[in-house]
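Please read the structure below before turning to the comments.
The values are calculated or read from the model by the stated rules, or taken from the named source; none is laboratory data. What you are looking at is a predicted structure, and each value in this text was computed from that prediction instead of being measured. Quick reminder, even Gly has a Cβ in these numbers, built from the backbone with ideal geometry, and neighbours come from all protein chains shown.
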Amino acid sequence: MAGNNVALLCISLLLLAPAVFGHDDDYTGMTAADTEVFNMLNEYRTRNNLSALTLNTGAACVAHGVAHEFQDIPCSNTTGADTPFGQNPQIPDYQDLLDDCNVDLANVKSGFIAPNCVPTGSFPAVAAMNITSDQQYQAMLNDSTYTSGGVGSSGVWYVMVLATSQPDGNFGTTTDFGSDNGQDSLQASLFISFGALLLSMVATL
């Protein structure tokens with residue numbers, strides 16, 4: 001009987017390891033440079049008597065993904081404020097990007113995605129200045145409809161994503177097993193099963 005329990009314990013550990021240590025997403029949060037740009041955007045909002053944007057992890061993840069998609073596009077005068085308000089950006093694999101961030105397409109339609117490129121070696125402040133100097137981006141930053149957001153970067157690209165508090169633009173993440181919440185639930189369930197198995201082993205020894 002004890003031998004069977006040891007075998008079950010080994011199987012449980014094998015099942016538990018991917019849930020605890022594995023994670024499919026490459027996104028781990030805004031970098032120091034991203035945070036610096038985000039804070040400067042909030043300083044701009046404050047100067048214009050608007051409330052600061054709260055950090056939206058779904059928006060930040062999407063910003064990171066868009067920047068990654070743009071990283072091989074040369075920085076030129078034809079790139080920048082080319083994302084029509086209320087429309088999906090013209091980027092490859094947009095739906096896959098949303099899936100990777102556990103964001104539903106229905107939750108982004110009223111949001112705003114603003115890509116911006118800076119010369120190689122530029123400080124984050126240059127990206128913030130470019131964004132706050134662009135008329136279209138200014139209009140969005142000055143819009144109180146947007147209450148949260150995030151910034152992502154890759155190479156010479158910085159991307160600002162603005163989200164609303166409404167379901168059609170809040171960049172809210174889902175709670176399936178691909179999301180952090182789902183992952184936590186799965187881990188908790190496995191830990192409970194693991195604990196029950198240990199108690200069962202102790203009882204039969």
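Matching residues to (1) within 21 Å of Ala33 (Cα to Cα); (2) modelled with pLDDT of 90 or more:
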{"residue": "Pro89", "(1), (2)": "no, no"}
{"residue": "Asp99", "(1), (2)": "no, yes"}
{"residue": "Val103", "(1), (2)": "no, yes"}
{"residue": "Gly111", "(1), (2)": "no, yes"}
{"residue": "Asn116", "(1), (2)": "yes, no"}
{"residue": "Ser122", "(1), (2)": "yes, no"}
{"residue": "Ala139", "(1), (2)": "no, yes"}
{"residue": "Tyr146", "(1), (2)": "no, yes"}
{"residue": "Ser154", "(1), (2)": "yes, yes"}
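Could you please find all residues in region 95-133 being hydroxyl-bearing (Ser, Thr, Tyr), within 20 Å of Leu162 (Cβ to Cβ) and in contact (Cβ under 8 Å) with a residue 12 or more places away in the chain? Steps first, please.
Kept after step one, since they are hydroxyl-bearing (Ser, Thr, Tyr), are these residues of region 95-133: 110, 120, 122, 132-133.
Okay, now just the ones that are also within 20 Å of Leu162 (Cβ to Cβ), so 110, 132-133.
Once the filter is applied, which keeps residues that are hydroxyl-bearing (Ser, Thr, Tyr), within 20 Å of Leu162 (Cβ to Cβ) and in contact (Cβ under 8 Å) with a residue 12 or more places away in the chain, region 95-133 yields Ser110, Thr132.
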Quiz item: Which pairs have Cβ atoms under 7 Å, sit 6 or more apart or on different chains, and link a residue in region 136-149 that is farther than 9 Å from Thr164 by Cα to one that is of a type in the set (Phe, Trp, Tyr)?
Solution: Met140/Phe112; Met140/Tyr146; Leu141/Tyr44
Quiz prompt | Subset tally (residues that are touching a Ser or Thr at 6+ places or on another chain (Cβ under 7 Å) and among the β-branched types (Val, Ile, Thr)) for region 129-158 | solution = 3
Exercise. For region 114-141, enumerate the residues that are touching a helix residue (DSSP H, G or I) at 6+ places or on another chain (Cβ under 9 Å), surrounded by 15 or more Cβ atoms within 10 Å (Cβ to Cβ) and not small (Gly, Ala, Ser).
Key: Pro115, Asn116, Cys117, Val118, Pro124, Met129, Asn130, Ile131, Thr132, Tyr137, Gln138, Leu141
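Residues to consider are Gly111, Gly155; find the one that is within 16 Å of Val66 (Cβ to Cβ) and buried (at least 22 other Cβ atoms within 10 Å of the Cβ). Explain how you work it out, then say what you get.
Working: Gly155 fails: buried (at least 22 other Cβ atoms within 10 Å of the Cβ).
Criteria check complete, one pass: Gly111.
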